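The values are calculated or read from the model by the stated rules, or taken from the named source; none is laboratory data. Since the model is a prediction, treat every value here as computed from it, not as a measurement. Note that we place each Cβ from the backbone using ideal geometry, even for glycine, and neighbour counts take in every protein chain shown. With ligands, DNA and RNA removed, areas are computed over all heavy atoms of the protein, side chains included. Shrake-Rupley method; radii C 1.70, N 1.55, O 1.52, S 1.80 Å.
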Amino acid sequence: MDEKFETADKKVLVDIVKLAQKRGLKGEFGDWKEFLNSHDKKFGAGLSDPSKRSHEVLAAFLKTFSKEDDLKYLLEQLKDSSHVSPYQSLVQITLRHPLYPLDYSFPSVDEGWIILNLKKKKVMKSTQIFAVDCEMVLCEDGTEAVVKVCVVDHNLEVKLNELVKPGKAIADYRTEITGISSQDLEAVTCSLPDIQKSMKKLLENGAILVGHSLHNDLRVLKIDHVRVVDTAYIFQSSDGSIHKRPSLNNLCKTVLGYEVRKDGALHNCLDDARAAMELLLARVKNGVDKDFPVQLQEPISLHIGRRLDHQSWRG
């Protein structure tokens, strides 16, 4: 194992360290930041971005793991790096984004969460892709709960379109945004565990899940999945900023040439899921090895991807 880390590409090691951070894995000297504090007295955890650390430091951290399950997990991630499809490249771009460790650090150990651990190499080679979007309500305890889930495949065909009965008292249905009221949910029997079961069936063979600011959807779905593409991450702002989170509507106007919705219009999560898939396909068509800078204030003159009549998406 040590030799594999020594000879692996630095970008691969960066990805693995970020996944170790996300999973909260600890080696002989603790987690990544604890390791830095003991390994590097000068900078310590003050320079914790894995991409800013040397190959030697990254490999040294990964070699501190001794638990069999942790080693197996890290080795599988190393194997996965040998198969890089355009879609997997976008997974890696998402993983390397500076905001990923913050956005995708989920409380996966909490009750009700499911973790989709993908440990078979053939699974990690899957090129199946699904896009998801959710509508949420505000609960009385201050948390959010999912009330509608839509999933489409790479052909934009609907795989899931369900209203969900929240398991908590609702403080605000946000009807002016979601279009969903308490009356709409009265006869609904579908629960979050039912949705999790459906999502697991779609994703357990290694499918990639795409969405816009996808961490928000995964958080209310209580699903922790490794193979994700966040469309808020995979386009570069033309002003060079890496911390901007473009809106889905802004990206669609700029990249695809249409608006998902007019100002003030209700959300439609089926529209949003399809738009996220369209953005991924546009990024692949452009070439994932090429920069794709976008001006987020006004549309570019040449639109990539096909313009869809999104009115026909409404069921």
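With the convex hull constructed from alpha-carbon coordinates only, the range 161-238 shows a mean projected area of 6.9 nm² over all directions. P(r) for the range 231-287, from all Cα pairs and a bin width of 5 Å, is 4, 18, 29, 25, 15, 7, 1 %, short bins first. Could you list, in their original order, any pairs among K63/K285; K10/K41; K52/K201 whose Cα atoms are separated by more than 30 Å? Among K63/K285; K10/K41; K52/K201, the Cα-Cα distance tops 30 Å for K63/K285; K52/K201. In the range 175-214, which residues have a backbone nitrogen under 12 Å from the label point lying 7 Å from E111's Cα in the Cα-to-Cβ direction? Residues passing the 12 Å test: none.
Rg and Dmax, both from the Cα atoms of the chain and both in Å, are 20.3, 61.
Kirkwood hydrodynamic radius, the range 1-76, all distinct C-alpha pairs: what's the number in Å?
Values: mean 1/r = 0.0823 Å⁻¹.
The answer is 12.2 Å.
Surface analysis of the chain yields an accessible area of 49 Å² per residue, using protein heavy atoms and a 1.4 Å probe. With all protein chains in place and a 1.4 Å probe, the accessible surface of the range 172-255 carries 49 percent carbon and sulfur. Across the range 129-267, counting alpha-carbon atoms alone, Rg and Dmax equal 15.8, 49 Å. Restricting to bridges with both residues inside the chain, how much of the DSSP beta-bridge set is antiparallel, in percent to the nearest 5? Given both bridge residues lie in the chain, the antiparallel proportion sits at roughly 60 percent. From the alpha carbon centroid of the range 211-226 to that of the range 2-67 is 25 Å.
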